[in-house]
Amino acid sequence: MAQYSRVSGNVGLITLQNPPVNALSAAVRQGIVDTVKRALGDPEVKSVVICGQNGVFCGGADIREFGTHMTGPPLVPMIHAIEMADKPVVAAIEGVALGGGLELALGCHYRIAHTKAKVGLPEVTLGLLPAAGGTQRLPRLTGLPAAIALITTGRQITTAEALKLSIVDQVTDYSAVDTAVKFAKSVAERSLDGRRVSERPCPCPPDVDALFEAAMQKVRQSARGAIAPVACVQALQAAATMPYALGMQREKELMATLFTSGQARALQYSFFAQRAVGRWSLPSGARWDGSKPRPIRKTAVIGLGTMGRGITVSLAQAGLSVIAVEAQEKPLKEAQQAISGMLQRGAKRRGGAPPLDLITYSANLQAVADVDLVIEAVFEDVALKKQLFQHLSAICKPEAFLCTNTSALDIDLLASQSRHPELVVGMHFFAPAHVMKLLEVVHGSRSSPEAVATAMNLGKQMGKVGVAVGNCHGFVGNRMLKPYLEQGLFLLEEGATPEMVDGALEEFGFAMGLFRMSDLSGIDVGWRVRKGEGLVQPGASVRVRQGRRYSPLGDLLYEQGRFGQKTGRGWYRYDNRHEAKPDPWLNNFLEDYRARHGLAARRIECQEVLERCLYTLINEGFRILEEGIAAGPEDIDVIYVLGYGWPKHRGGPMYYASMVGLIKVLERLEHYLRAHPDVPSLQPCSLLRRLVASGSPPIHKWRKIIKKTQSHL
Ligand SMILES: CC/C=C/CC(=O)SCCNC(=O)CCNC(=O)[C@H](O)C(C)(C)COP(=O)(O)OP(=O)(O)OC[C@H]1O[C@@H](n2cnc3c(N)ncnc32)[C@H](O)[C@@H]1OP(=O)(O)O
């Protein structure tokens, strides 16, 4: 809806009304068309202001309408009519003006924004492009380089930046609506010449071809296989080379392809999934809406290695005070320097002062005595962590939450070391912890709903997307990674090379294939995990461990001192620290290994790499759902997209499975199981079978069947 009133004598005020973000639903679009007509037809009205209710201008098109039969007036002619009006129309931007919301504002003759508002064209993140004239009007205001950067990334910017880029005309600390009304009165009689953005020329730099070539190369590299960023560049190219009307035509054609694409559907699924995970529930029945988080003011981080440093930075950037503890003086000093540098660089990027004063450094664990919440990030060693929990339980005030950043260890075991196991939860961050958005909040069997709610809320304050998961080895993300990595090793045994496996995964859209990832995170790290599981037998290369097929290839590399990037050698060679090059040594090593074990190398197709690596990962996802470790497929998908480099435009592993077809996933798992009966991760999970038997329902209906499956267990 849009409400109309006449204010200040002769200003028509149109207020968009569609909580929470005044999205441009059919009713809102109709409301705008009707109220604009009314304002323009009213002889008493000399100028018009468009604003949104509750301090939000507009969050763009109503994403919930996509994929439905869309009715109501379309945006393009609506915005065109505003631009062609013969009375000045002013957009009063508060909160956000995003997507169609900013496009609406760009159709107005003036834009006045509040200092705290954000603007942007984030359509690309939904698999779309700004097709209500955004790709044609924005470059006419900002120039091409800035428009390319904004539209291909979807980045939201402050109004200070928007002012510099001429996207808005004025920024105010006061009410943007009041300021806009005053301004509208002052320009009521002014000519609109030069105020209609579509009538302006698109400023073109002399090297425009080179500019677009570079832009195209950049989007192809950064968004592997994603079609929307490419279409954004093409639409901007049209703005640079065609008159406005033809550019609009091109924008429309490109949008038509994107709008119905599988990638757009996957990205929109992901948008809602990232919000749905906030509505968590526990197997006990406790839920987000019945569990109150406790306010956290003082925090502590124990252990200032890479993870601890990132967590400290993230907490301080969220405005929380942190006691940062590292037992030894020298590493403490080093950490202090590193953290200060990270905060200073962050402040440079975000603006404002670095929150250095919020952190107190200490080598003494006693310093955490009065904090509200502790996050321990010490070395991943169960004995060390157990001891630390005993100390913390004795030192901290009884109501303090004790959180562990373990990536796999048993939360219940750690909780049992504390006098208050109900206040213990896992907060599993991802490296680099001040950058990565994902947070697994792990509830043990005794964690209270209040502890989960508090950790989820703290994650939100830190700008993370928290996903509540149950306690099992590796939780959700790392547990699913295990069969995926295992298949990679088996494929090497059978004839593949690291570059071939990684090539297939990167072509699929992963930023990094599994061997490059293993080199980056460290072959020694995986070795230590396997050692903890009792799988490593130094010197031995027996291919069966704990009664199942096992590949010792990673262990053998570890024994050679090939730890990955950090040692310059791993699955690849690194002559300069980051560039992975195929290593002839490794190929010889693999040939010797196969010969020693009587394994005949065969030609392996990319399809097999994808099916074996991805379907076993997905199969583990079904087990996780069946066991209630994750409450729904969205939780798993969000974890994989935000934490494990799963290509965003493929929605996440469970969504991908639903698109490929559950029956196909099941059949291929059965096919590979016949060939490798000694690999239990190929054994299709009973939930997968049950879903197939129920006719492979769409993903949003899985929860019902999961519940039924759980009640049979
Ligand atoms: C015809 C095709 C035209 C396309 C042009 C477009 O305009 S495409 C849409 C472009 N707009 C966006 O991409 C903006 C998406 N929204 C956001 O980035 C954020 O929601 C926000 C507006 C910055 C607000 O963030 P905040 O953290 O304050 O809240 P939430 O993200 O949790 O959102 C609150 C609820 O609002 C729902 N919602 C947000 N935007 C839209 C939208 N454009 N359409 C429909 N619904 C939207 C969001 O889903 C939340 O509701 P839940 O019930 O929790 O899911």
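The values are calculated or read from the model by the stated rules, or taken from the named source; none is laboratory data. Because the structure is a prediction, the values reported are computed rather than measured. As a convention, Cβ positions derive from the backbone with ideal geometry for all residues, glycine included, and neighbour counts pool all protein chains shown.
Where in the range 427-544 are there helices (runs of 4 or more DSSP H), lying wholly inside it, with at least 2 residues that are modelled with pLDDT of 95 or more?
Details: elements: 449-461, 477-494, 498-508, 514-521, 523-532.
By residue number, 449-461, 477-494, 498-508, 514-521.
From GLY632, GLY621, which residue is at pLDDT 95 or above and more than 22 Å from GLY513 (Cβ to Cβ)?
Of the residues listed, the single one that is at pLDDT 95 or above and more than 22 Å from GLY513 (Cβ to Cβ) is GLY632.
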- Query: Considering only residues of the range 102-125 that are within 14 Å of VAL56 (Cα to Cα) and in a loop (DSSP other than H, G, I, E, B), which is nearest to the ligand (Cβ to nearest atom)?
  - Reply: ALA117
- How do the pairs read when you match residues in the range 593-619 that are among the β-branched types (Val, Ile, Thr) with residues anywhere that are outside any helix (DSSP H, G or I) and surrounded by 15 or more Cβ atoms within 10 Å (Cβ to Cβ), using Cβ under 7 Å and keeping only pairs 6 or more apart or on different chains? ILE604/GLY495; ILE604/ALA496; VAL609/ALA496
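Only residues that are part of a loop (DSSP other than H, G, I, E, B) and either modelled with pLDDT of 95 or more or of a type in the set (A, V, I, L, M, F, W, C) (or both): list them for the range 379-393, please.
From the range 379-393, those part of a loop (DSSP other than H, G, I, E, B) are 379-381; that's our starting set.
The one that is part of a loop (DSSP other than H, G, I, E, B) and either modelled with pLDDT of 95 or more or of a type in the set (A, V, I, L, M, F, W, C) (or both): PHE379.
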- Given the structure, is SER551 among the polar types (S, T, N, Q), under 30 Å from VAL641 (Cα atoms), surrounded by 14 or more Cβ atoms within 10 Å (Cβ to Cβ) and out of contact with any strand residue (DSSP E or B) (no Cβ under 7 Å at 6 or more places or on another chain)? yes
- Scan (1) free of Cβ contacts under 8 Å to residues at least 24 places away in the same chain; (2) more than 15 Å from the ligand (Cβ to nearest atom); (3) under 30 Å from PRO203 (Cα atoms) for the single condition ALA238 breaks and write down its number. (1)
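Taking the conditions exactly as written (touching a residue at least 40 places away in the same chain (Cβ under 8 Å), out of contact with any Pro (no Cβ under 9 Å at 6 or more places or on another chain), closer than 30 Å to ALA240 by Cα and not assigned by TED's automatic domain parsing to the domain that holds TRP646), does ARG297 satisfy them or not?
no
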- Selected residue (only one of SER25, SER5, SER47 is closer than 18 Å to GLY99 by Cα and of a type in the set (Ser, Thr, Tyr)): SER25
- Count of residues meeting criterion [in contact with a Gly (Cβ under 8 Å, 6 or more places away or on another chain) and either more than 8 Å from the ligand (Cβ to nearest atom) or outside the structural domain of ALA176 (by TED's automatic domain parsing) (or both)] in the range 58-77: 2
- Task: Select from the range 554-573 the residues that are out of contact with any Lys or Arg (no Cβ under 7 Å at 6 or more places or on another chain) and closer than 18 Å to VAL501 by Cα and write down the one among them that is surrounded by the fewest Cβ atoms within 10 Å (Cβ to Cβ).
- Result: LEU557
- Query: Just checking, how many residues over the range 17-42 are within 14 Å of the ligand (Cβ to nearest atom) and basic (Lys, Arg)?
  - Reply: 1
- Query: Which number in (1) under 18 Å from PHE57 (Cα atoms); (2) within 16 Å of the ligand (Cβ to nearest atom) marks the one condition that ILE151 misses?
  - Reply: (1)
- Message: Pairs please, first residue from the range 56-69 and among the polar types (S, T, N, Q), second anywhere and near the ligand (Cβ under 6 Å from one of its atoms), Cβ atoms under 9 Å, 6+ apart in sequence or on different chains.
- Response: none
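Look at GLN274 and say whether it is within 11 Å of the ligand (Cβ to nearest atom), of a type in the set (S, T, N, Q) and either not in a helix (DSSP H, G or I) or not assigned by TED's automatic domain parsing to the domain that holds ALA504 (or both).
Numbers: within 11 Å of the ligand (Cβ to nearest atom): yes; of a type in the set (S, T, N, Q): yes; either not in a helix (DSSP H, G or I) or not assigned by TED's automatic domain parsing to the domain that holds ALA504 (or both): yes.
Criteria met by GLN274.
Considering every residue within the range 271-294, establish whether at least one is hydroxyl-bearing (Ser, Thr, Tyr) and either in contact with a Gly (Cβ under 7 Å, 6 or more places away or on another chain) or at positive phi (or both). Steps first, please.
Quick first cut of the range 271-294, residues hydroxyl-bearing (Ser, Thr, Tyr) only: 281, 284, 291.
Applying the additional criterion that residues be either in contact with a Gly (Cβ under 7 Å, 6 or more places away or on another chain) or at positive phi (or both) yields none.
Scanning the range 271-294 turns up no residue that is hydroxyl-bearing (Ser, Thr, Tyr) and either in contact with a Gly (Cβ under 7 Å, 6 or more places away or on another chain) or at positive phi (or both).
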- Message: Looking only at the range 103-148, filter to residues that are touching a residue at least 40 places away in the same chain (Cβ under 8 Å) and polar (S, T, N, Q); which one of those is nearest to GLY67 (Cα to Cα)?
- Response: THR125
- Note on the structure: Subset of the range 431-468, residues surrounded by fewer than 21 Cβ atoms within 10 Å (Cβ to Cβ) and among the charged types (D, E, K, R), comes to LYS437, ARG446, GLU450, LYS460
- Message: Test of understanding: among GLU376, GLU326, GLU334, which residue is surrounded by fewer than 16 Cβ atoms within 10 Å (Cβ to Cβ) and at pLDDT 95 or above?
- Response: GLU334
